[in-house]
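First comes the structure, then the notes that go with it.
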Amino acid sequence: MTKQIKKVLVTGGAGFIGSATIAAFQNDGHEIYAIDNLSFGNRKFITIPESHFFEIDILDRAKLFRVISQIEPDWIIHLAAIHFIPYCNQHPIEAARVNIQGTINVLDAARNVPNLEKVFFASTAAVYPIYNDAISETHPPAPTDIYGLSKLTGEHLMNEFHLQTDVPTIVCRFFNAFGPNETNAHVIPEIQRQINAGCRTIQLGNLDPKRDFIHTSDMASAIVKLLDIGDRGIEIFNLGRGIEYSVTEVVTAFEQALGERIVIEVDPARVRKVERMHLLADITKLKNFIDWEPKINLNQGISTLIKCQPITK
């Protein structure tokens with residue numbers, strides 16, 4: 001059976017997860033289009049023709065409608081968002097506008113695509129309350145910050161879109177992504193930045209909280225498989241690795257990749273006063289649905305983030 005080539009539009013395509021997602025769909029043979037305002041992304045992260053890249057903001061309804069009508073995508077993958085929680089907390093109005101109004105704009109434009117087949121929405125594990133065990137999709141959401149609240153609102157918008165259009169819709173709650181092309185100061189890229197700058201005594205904040213870190217290439221492979229499956233109405237999935245690591249365990253992985261000792265100093269300015277101690281995905285539903293397993297473990301992923309010739313201090 002000949003594989004059908006789809007026109008795939010990725011909003012936030014030049015970003016951290018967007019760039020990995022585009023590469024995966026390109027490897028699968030699809031025709032890729034990207035929308036990104038480059039506020040957090042980088043055009044150099046993706047290799048698509050200029051005719052397929054649109055530097056626009058999802059808050060610009062007129063341009064967004066024009067571009068999506070021009071492309072007429074088969075699949076829309078909506079990743080564009082402000083997702084760095086400290087930034088969202090500092091700029092709640094901007095975060096709400098981009099993550100909620102921007103999503104409304106994308107979905108309103110999608111309604112005008114005559115043969116739209118599927119829509120994918122990137123939600124977040126931040127929709128869940130503080131919980132100490134592996135958390136499944138059936139756990140009642142209760143976000144604790146503006147980012148989680150904005151994404152939970154996005155989920156409701158996706159549900160409304162599906163009910164009104166009958167377009168098959170996939171919602172993925174992303175856990176803690178890591179890999180190349182990160183542009184926000186999350187813990188792994190912050191350790192990476194200090195290590196690659198030559199530091200062997202590094203400044204960090206909270207050390208004990210554990211997170212479910214999944215490599216962006218594994219995330220992208222799951223997204224490809226989810227879009228490839230048959231039409232199933234609307235579905236919500238956790239997308240993580242199913243293993244949690246503390247910050248100190250992440251630093252140990254950097255030590256093993258370097259073959260050098262790293263000293264941690266706690267910087268009081270980096271310590272979050274309110275912090276959940278655990279965030280672990282139950283990925284049973286996803287694994288069963290698409291017959292998928294993450295392939296890149298923490299040590300393998302960390303090893304790709306270190307310069308070949310580190311400077312010793």
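Could you tell me whether any residue of the range 250-260 is acidic (Asp, Glu) and modelled with pLDDT under 95? So far as the range 250-260 goes, yes, one or more of its residues are acidic (Asp, Glu) and modelled with pLDDT under 95. Return the residues of the range 160-191 that are under 20 Å from the mean Cα position of the chain (by Cα), buried (at least 20 other Cβ atoms within 10 Å of the Cβ) and in a helix (DSSP H, G or I); say none if nothing qualifies. Within the range 160-191, VAL187, ILE188, ILE191 meet the criteria.
Yes/no matrix, rows are residues, columns are (1) part of a helix (DSSP H, G or I); (2) modelled with pLDDT of 95 or more; (3) surrounded by fewer than 19 Cβ atoms within 10 Å (Cβ to Cβ):
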site: LYS44; (1), (2), (3): yes, yes, yes
site: ALA80; (1), (2), (3): no, yes, no
site: PRO86; (1), (2), (3): yes, no, yes
site: GLU94; (1), (2), (3): yes, yes, yes
site: ARG97; (1), (2), (3): yes, yes, yes
site: GLY102; (1), (2), (3): yes, yes, no
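ASN115 meets each of the listed conditions (1) at pLDDT below 95; (2) under 22 Å from ALA222 (Cα atoms) apart from (2). Take ASP282 and decide whether it is charged (D, E, K, R) and within 21 Å of ALA126 (Cα to Cα). Judged against the criteria, ASP282 is a match. Against the test of being β-branched (Val, Ile, Thr), assigned to a loop (DSSP other than H, G, I, E, B) and over 21 Å from PRO73 (Cβ atoms), the options THR153, THR138 yield a single qualifying residue, THR138.
Counting only residues that are among the small types (Gly, Ala, Ser), at pLDDT 95 or above and more than 23 Å from LEU116 (Cα to Cα), the range 195-246 holds 3 of them. Is at least one residue of the range 202-219 surrounded by 20 or more Cβ atoms within 10 Å (Cβ to Cβ), in contact with a strand residue (DSSP E or B) (Cβ under 7 Å, 6 or more places away or on another chain) and under 15 Å from PHE289 (Cα atoms)? Looking for residues that are surrounded by 20 or more Cβ atoms within 10 Å (Cβ to Cβ), in contact with a strand residue (DSSP E or B) (Cβ under 7 Å, 6 or more places away or on another chain) and under 15 Å from PHE289 (Cα atoms), one finds at least one in the range 202-219, hence yes. Residues of the range 1-42 that are in a strand (DSSP E or B) and under 15 Å from the mean Cα position of the chain (by Cα): VAL10, THR11. Residue count for the range 120-144 under the criterion of being farther than 20 Å from LYS210 by Cβ, out of contact with any helix residue (DSSP H, G or I) (no Cβ under 6 Å at 6 or more places or on another chain) and surrounded by 21 or more Cβ atoms within 10 Å (Cβ to Cβ): the result is 2. Selection of helices (runs of 4 or more DSSP H) fully inside the range 200-313 by the criterion of at least 2 residues being closer than 16 Å to ILE135 by Cα and within 22 Å of the chain's Cα centre (by Cα) returns 284-290. All of ALA134, ALA95, ALA125 fail the test of being touching a Cys at 6+ places or on another chain (Cβ under 9 Å) and aliphatic (A, V, I, L, M), apart from ALA95.
Could you list all residues from the range 112-152 that are more than 21 Å from TYR87 (Cβ to Cβ) and of a type in the set (Phe, Trp, Tyr)? Those that are more than 21 Å from TYR87 (Cβ to Cβ) and of a type in the set (Phe, Trp, Tyr): PHE120, TYR131.
The set of residues in the range 263-287 being modelled with pLDDT of 95 or more, surrounded by fewer than 17 Cβ atoms within 10 Å (Cβ to Cβ) and either in contact with a Cys (Cβ under 9 Å, 6 or more places away or on another chain) or not β-branched (Val, Ile, Thr) (or both) consists of LYS285, LYS287.
Entry remark, the range 42-66: residues being in contact (Cβ under 8 Å) with a residue 40 or more places away in the chain and under 19 Å from HIS30 (Cβ atoms) number 2 in total. Quick one: THR248 ticks every box in (1) within 16 Å of ALA122 (Cβ to Cβ); (2) out of contact with any Pro (no Cβ under 6 Å at 6 or more places or on another chain) bar one, so which box is it? Every listed condition holds for THR248 apart from (1).
The values are calculated or read from the model by the stated rules, or taken from the named source; none is laboratory data. It should be emphasised that the depicted structure is a prediction, and the values quoted were computed from it without experimental measurement. FYI the Cβ positions are ideal-geometry reconstructions off the backbone, even for glycines, and counts take in every protein chain you see.
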